[in-house]
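Below you'll find the structure, written out as structure tokens, and then a few comments.
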Amino acid sequence: WGLRRALITGAAFNAVGAWVRYAGDFTGWQLPLLFVGQILAASAQPVILDCPTMLAATWFGEHERVTANMIASVANPVGIALGSFFPPLIVDGPDDLRALYLYFALPATAGLLLSV
């Protein structure tokens, strides 16, 4: 498959899933679209989580691979930590969920655009 195609596919699933969750807040289908968006975004994880080793092997020299793999692998838990830290600061009630969905969709879209 290759690194580039894997990254684009994972980023696309993640971005589409985030926008589906955001779109669900504008319809009467909020919960079903939330589940569909979450399933799409979760489908990207097996692809994205396998990329650090291929990234390190493709782009870095033999003595740099361990460090590159470590930094790329730690990026995912750091993103999860940030994704868990900010929602309580953004959401005070149900009316604030739309902003939260948007704040998740924008970086996912930026990641997709950077991977293309």
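The values are calculated or read from the model by the stated rules, or taken from the named source; none is laboratory data. Given the structure is predicted, the values throughout are model-derived calculations rather than measurements. Here the Cβ is made from the backbone with ideal geometry for all residues, glycine too, and neighbour counts use every protein chain on show. Areas reflect the complete protein model, heavy atoms only, side chains present, ligands, DNA and RNA absent. Shrake-Rupley method; radii C 1.70, N 1.55, O 1.52, S 1.80 Å.
Points to keep in mind about this one:
- Selected residue (criterion: nearest to the chain's Cα centre (by Cα)) from residues of the stretch 69-91 that are open to solvent by 70 Å² or more (accessible area, probe 1.4 Å) and farther than 30 Å from MET54 by Cα: PHE86
- Residues located in the stretch 77-113, provided they are in contact (Cβ under 8 Å) with a residue 40 or more places away in the chain, farther than 16 Å from GLY24 by Cβ and among the hydrophobic types (A, V, I, L, M, F, W, C): LEU112
- Count - residues of the stretch 86-116 that are acidic (Asp, Glu) and within 14 Å of TYR22 (Cα to Cα): 2
- Matching residues, the stretch 92-116, being among the aliphatic types (A, V, I, L, M), open to solvent by less than 40 Å² (accessible area, probe 1.4 Å) and over 18 Å from ALA42 (Cα atoms): ALA99
- Selection from the stretch 1-52 of residues that are farther than 18 Å from ILE80 by Cα and either of a type in the set (Asp, Glu) or open to solvent by less than 40 Å² (accessible area, probe 1.4 Å) (or both): GLY2, LEU3, ALA6, THR9, ALA12, VAL20, GLY24, ASP25
- Of the residues examined, ALA56 is not one that is within 22 Å of PRO107 (Cα to Cα) and open to solvent by less than 40 Å² (accessible area, probe 1.4 Å).
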